[in-house]
Amino acid sequence: MLRLYSLFVLLCLAFPARAVLDIEVTGAGEHQVPIAIIPFDGEDALNQHISEVVASDLIRTGLFKLVDPEGKAPHEAKEVKYAEWAKAEALAIGKLFRSADGRIEIQFRLLDTVKKTELIGQAVSAKSEQGRAIAHRIADAIYEKMTGSVGVFSTRIAYVNRQGRYNRLVIADSDGYGEQTLLALNQPIMSPAWSPDGNALAYVSFEQGRAFVYAQSLLTQQRVLLAAFPGSNSAPAWSPDGQQLAIVLTHEGSSQIYLVRKDGSDLRRISFSDTIDTEPTFSPDGRYLLFTSDRGGSAQIYRMPVNGGSAERLTFEGSNNFSPRFSPDGKSFVFAHFNGGIFYIAVQDFETKQIQILTPGGWEKKPSFAPNGKLVLFATEVHGRGILATVSSDGRVKQKMTPQQGDIREPTWGPFNRQ
Amino acid sequence: MSTLAYYEPHKFSAGALALVVHAIFFSLLYFSFNWHVKTPPAMEVAMWDKLPEPVPEIAPPPPPVPPQAEPAVVLKAAELIAPPKADIEMKEKKKNKAERGKKEKLAAKKSAKLEKAKLAEQEKQRAQAAQAELAKQQAQAEQQQQRDKQRAAQEHSARENELINERKAKMRAETDAATQGEVARYKDLIQAKIRRNIVMPPDVAENAEAVFLVIVLPGGLVMDNPRLLKSSGNAAYDSAAERAIYKAQPLPMPQDAALARMFRELRLSVKP
Amino acid sequence: MKKIAISVILASLLSACASNKPVEPFTKTEPVAAAPAAAPVTEAPVVGSAAAPDVNAQALAKAEADAAAQAAAKEAAEVAAKTDAVAPIVPPADPANALSQRSVHFPFDVDAIQDNDKPTIQAHGANLGNHPELKMRTEGNADERGSSEYNLALGQRRASNTRKALVLSGAKMEQIEAISYGEERPMATGHDETSWAQNRRVDIIYK
């Protein structure tokens, strides 16, 4: 009896019952969002395969997988029966119209087939020859909605294409299309560097017999000869405010780092070693430079304040470390790690000092971050040919772009477009 | 929002009902209906060595035992739940005549859950052996109930009650362990189904955690939207977790209605 | 065509004005990437006159200035300034003559002059010292095992050190220009030590 009483007492005291069950879910089943992209209504007729460009942009990230529409072709939200799209999580549909003056207008929607809601509904209008640009913007919008990161499909890259002794300085869309040649020589071209606003490119040209630094406007194609001192002039890097550059000169001895205004004036020396100091690059806040130096006996990466001062060594692993570039958020840097005769692309976190090797190894050089910090572009070699490659910042997704002819060297990713 | 509304009114009425029902049960027990007397012998028998998968003996009782008819056919969950709630639900059946079945079930469920919550801390997961044994026990108990109703109404003795209570306590302890095993199994099933529907966005921090509250309708569908209690800080990850919960419908639910009631409200903590 | 004319005139001058002074070939251009340093490409008619090994460099220069091919001289000078230049006038391919050695080599990631190259340096340094009107360029190169900028810097240090060594051996600083091509104009493109060893060098180019 007593037991019973005590039980009941406990029961009474314990009310009201909050009857929630705790369940912990860890891990994931997938890393690729299944998305169905329906060819936009009218894109065949107008010869603008926007949906194909969107699809290839998204697939290239490695974060999406295409779901076959299996014959279904809705073009408007009301035509969509969500029950038919169980295999997808997202559905992209759209329509193209051509206006009287030859412009095209695209209405597209991104639908969440799981929650059965509309995620994006936009209309874009542009000149008919800008179809690829519009497709890239649509891909950017979808990418951003599904992953939370800003898309880089509308950005550009620059690189040198070399065939024998013939060198071309090229800028192209981030998918390799739309190549424009800025400079073509029978002498070497090196180290292209985008200005922060994307309107100019600095580079090293040997057109006068040795290394000179030029800055060329992409709007007017006019050039400024920034440095032509005795010896070699090289390694231009723009400051984040676009007003000055860091360059490397040898006219006072070994390769040393200098600052110069974008018109070539006000030259100041900021490194003072009698060894090699090169490859300067500005931090996003403009306060620090990373650079490569062999002042410690082997090529390693150092950091110093922009106006000069003592340099702190950052890399201690492997044989040599070259070509540092800050991440856009300034928390890490990517570099070429040389160890055991093999080049790797690696990232090092400033705070934890942990390095993560992103690539399997080979002739992997000249890494640079995409402006959203999620991808790294670099040059590598496959079957003896110099090609472009990208790897995601966590090392999981890799992608290669092979040129039709020639070898690609010295790639660098441009900034976000501000149009 | 809807879940808050769901809780608040019931909280107090549930408490009041629990109190009322407890008082009634107490008085009933005190004044003692003899139909308790017959169950102890059934429960006493040491039938809990193995777990036979099908429990054919459960089949017969369905008509007079509506709340346990369906689970009886399916075995495990029903068998687990039945004994600890046996006394309560037997009283419930009586109350059904007075048409207070639903409220009491609620209270019973709450009290039963409370009991389990208290006792389960020491329990380890039980194998199916306990389940089968409980099933058998329940079947036997129910059959006895039917036959001995009239006899129970007449006989009563304090000593018999003592015995009953001891048996009940012991049974409660053992069946709580079995219940816990069943609960754990369904938790695993739900966890696995949601997990395999998660599409992981890139660059999610290792210590990210998104917490959702979901109300599950009978049959495993989720009522309204999963409610985000705590964001992981990564909107894409929150979305991916929410989509996974949607895609995992219908969630695996235990067949026993009483056990399923434990799964009515779930707090899902989703981590990479 | 004009070069052949010059060569013929010079050849005739050779026979006329032979002397015992040390010789340096009159190279007008930088070597094509594939050309081995020791034996620059030559033109057939000129090779035939190798029977007269001693060439008076000064006489050559004068002959050029005096010859009717003054326009040729101007063109040659322009060509010399450009990198796509014509083939050089043949030097005597005499291994015993240290001056015919036009490259010095380096170990991996090293920019100091190696001992076995000292005779070459000394010979050229002395030559420059003796002929203050001569000008030359040291062109540094590096193998591919580094970044392009680091290799440009390494090549520059090698060229610079070569210049310093030449100055120590008798040349004047103003006679020598030190530049670098880094890894941009490799002589050999294999991913192996044989190729790399060829690329780790400084070329000595008379202007």
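The values are calculated or read from the model by the stated rules, or taken from the named source; none is laboratory data. From a predicted model like this one, the values you see are computed outputs, not experimental measurements. So basically every Cβ, Gly included, is an ideal-geometry build from the backbone, and we count neighbours across all protein chains shown.
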message: Give all pairs with beta carbons closer than 8 Å in which a residue from region B:184-200 that is more than 7 Å from chain A (Cβ to nearest Cβ) meets a residue that is crowded, with 20+ Cβ neighbours inside 10 Å and assigned to a helix (DSSP H, G or I); count only pairs at least 6 apart in sequence or on separate chains.
response: B:Tyr186/B:Leu259
statement: If we ask which residues in region A:245-257 are surrounded by 23 or more Cβ atoms within 10 Å (Cβ to Cβ) and not polar (S, T, N, Q), their number turns out to be 6
query: When only residues in region A:380-397 that are within 12 Å of the chain's Cα centre (by Cα) and small (Gly, Ala, Ser) count, which is farthest from the other protein chains (Cβ to nearest Cβ)?
result: A:Ala389
task: State which residue is farthest from C:Asp111 (Cα to Cα) when the search covers only region A:232-251 and only residues that are away from chain C (no Cβ under 12 Å) and part of a loop (DSSP other than H, G, I, E, B).
output: A:Asp241
message: Given the options A:Ala126, A:Ala139, A:Ala135, name the one that is within 26 Å of A:Asn47 (Cβ to Cβ) and in contact with an Asp or Glu (Cβ under 6 Å, 6 or more places away or on another chain).
response: A:Ala139
message: When you check A:Ile120 against the structure, is it surrounded by 12 or more Cβ atoms within 10 Å (Cβ to Cβ) and touching a residue at least 24 places away in the same chain (Cβ under 8 Å), yes or no?
response: yes
query: Has region C:166-185 got any residue that is in contact (Cβ under 8 Å) with a residue 40 or more places away in the chain, more than 10 Å from chain A (Cβ to nearest Cβ) and closer than 30 Å to A:Phe343 by Cα?
result: no
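Which members of region A:184-231 meet the condition of being among the aliphatic types (A, V, I, L, M) and within 14 Å of another protein chain (Cβ to nearest Cβ)? Steps first, please.
Taking region A:184-231 first, the residues among the aliphatic types (A, V, I, L, M) are A:184-185, A:189-190, A:193, A:200-202, A:204, A:211, A:213, A:215, A:218-219, A:224-228.
Those that are among the aliphatic types (A, V, I, L, M) and within 14 Å of another protein chain (Cβ to nearest Cβ): A:Ala184, A:Leu185, A:Ile189, A:Met190, A:Ala193, A:Ala202, A:Val204, A:Ala211, A:Val213, A:Ala227, A:Ala228.
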statement: Note on A:Ser254: of the conditions (1) outside any loop (DSSP other than H, G, I, E, B); (2) touching a helix residue (DSSP H, G or I) at 6+ places or on another chain (Cβ under 8 Å), unmet is (1)
Set B:Val270, B:Val204: member being at the interface with another protein chain (Cβ under 10 Å from one of its Cβ atoms) and farther than 13 Å from A:Val25 by Cα: B:Val204
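Scan A:Gly308, A:Gly297 and give me the residue that is more than 15 Å from A:Thr281 (Cα to Cα) and out of contact with any His (no Cβ under 8 Å at 6 or more places or on another chain). Walk me through how you get there before you give the answer.
Numbers: A:Gly308 fails: more than 15 Å from A:Thr281 (Cα to Cα).
Sole residue among the options that is more than 15 Å from A:Thr281 (Cα to Cα) and out of contact with any His (no Cβ under 8 Å at 6 or more places or on another chain): A:Gly297.
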message: Here is a check on your reading of the model: is C:Asn161 buried (at least 24 other Cβ atoms within 10 Å of the Cβ), under 18 Å from A:Asp277 (Cα atoms) and among the polar types (S, T, N, Q)?
response: no
field: Test for A:Ala172: is it within 14 Å of another protein chain (Cβ to nearest Cβ) and assigned to a strand (DSSP E or B)
entry: no
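Working only within region B:156-184, note down all residues that are among the charged types (D, E, K, R) and either at pLDDT below 80 or more than 19 Å from B:Gln138 (Cβ to Cβ) (or both). First the steps, then the outcome.
From region B:156-184, those among the charged types (D, E, K, R) are B:159-160, B:162, B:166-168, B:170, B:172, B:174, B:176, B:182; that's our starting set.
The answer is B:Arg159, B:Glu160, B:Glu162, B:Glu166, B:Arg167, B:Lys168, B:Lys170, B:Arg172, B:Glu174, B:Asp176.
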message: Can you go through A:Val224, A:Val260, A:Val248 and tell me which one is farther than 25 Å from A:Phe343 by Cβ and in contact with a Phe, Trp or Tyr (Cβ under 9 Å, 6 or more places away or on another chain)?
response: A:Val224
task: State whether one or more residues within region A:175-190 are under 17 Å from the mean Cα position of the chain (by Cα) and closer than 30 Å to B:Ala240 by Cα.
output: yes
field: Which numbered condition C:Trp196 fails, given (1) within 17 Å of the chain's Cα centre (by Cα); (2) over 22 Å from A:Ala228 (Cα atoms); (3) modelled with pLDDT of 95 or more
entry: (1)
task: Quick one: which residue in A:Pro367, A:Pro371, A:Pro411 is within 19 Å of B:Pro202 (Cβ to Cβ), in contact with a strand residue (DSSP E or B) (Cβ under 6 Å, 6 or more places away or on another chain) and at pLDDT 95 or above?
output: A:Pro367
Candidate set from region C:191-200 (those that are within 13 Å of chain A (Cβ to nearest Cβ) and in contact with a Phe, Trp or Tyr (Cβ under 8 Å, 6 or more places away or on another chain)); member that is surrounded by the most Cβ atoms within 10 Å (Cβ to Cβ): C:Trp196
- prompt: Does C:His124 satisfy the condition of being crowded, with 24+ Cβ neighbours inside 10 Å and more than 10 Å from every other protein chain (Cβ to nearest Cβ)?
  reply: yes
field: Filter result (crowded, with 16+ Cβ neighbours inside 10 Å, among the aliphatic types (A, V, I, L, M) and not in a strand (DSSP E or B)) within region A:206-231
entry: A:Ala211, A:Leu218
Region B:254-267 - residue that is surrounded by fewer than 20 Cβ atoms within 10 Å (Cβ to Cβ) and over 8 Å from the mean Cα position of the chain (by Cα) and, of those, farthest from the other protein chains (Cβ to nearest Cβ): B:Gln255
- prompt: Taking region B:207-248 as the search range and keeping residues that are in a loop (DSSP other than H, G, I, E, B) and at the interface with chain A (Cβ under 10 Å from one of its Cβ atoms), which one is surrounded by the fewest Cβ atoms within 10 Å (Cβ to Cβ)?
  reply: B:Glu209
message: Restricting to region A:252-280, and then to whatever is of a type outside the set (Val, Ile, Thr) and within 9 Å of chain C (Cβ to nearest Cβ), can you tell me which residue is nearest to A:Ala211 (Cα to Cα)?
response: A:Ser255
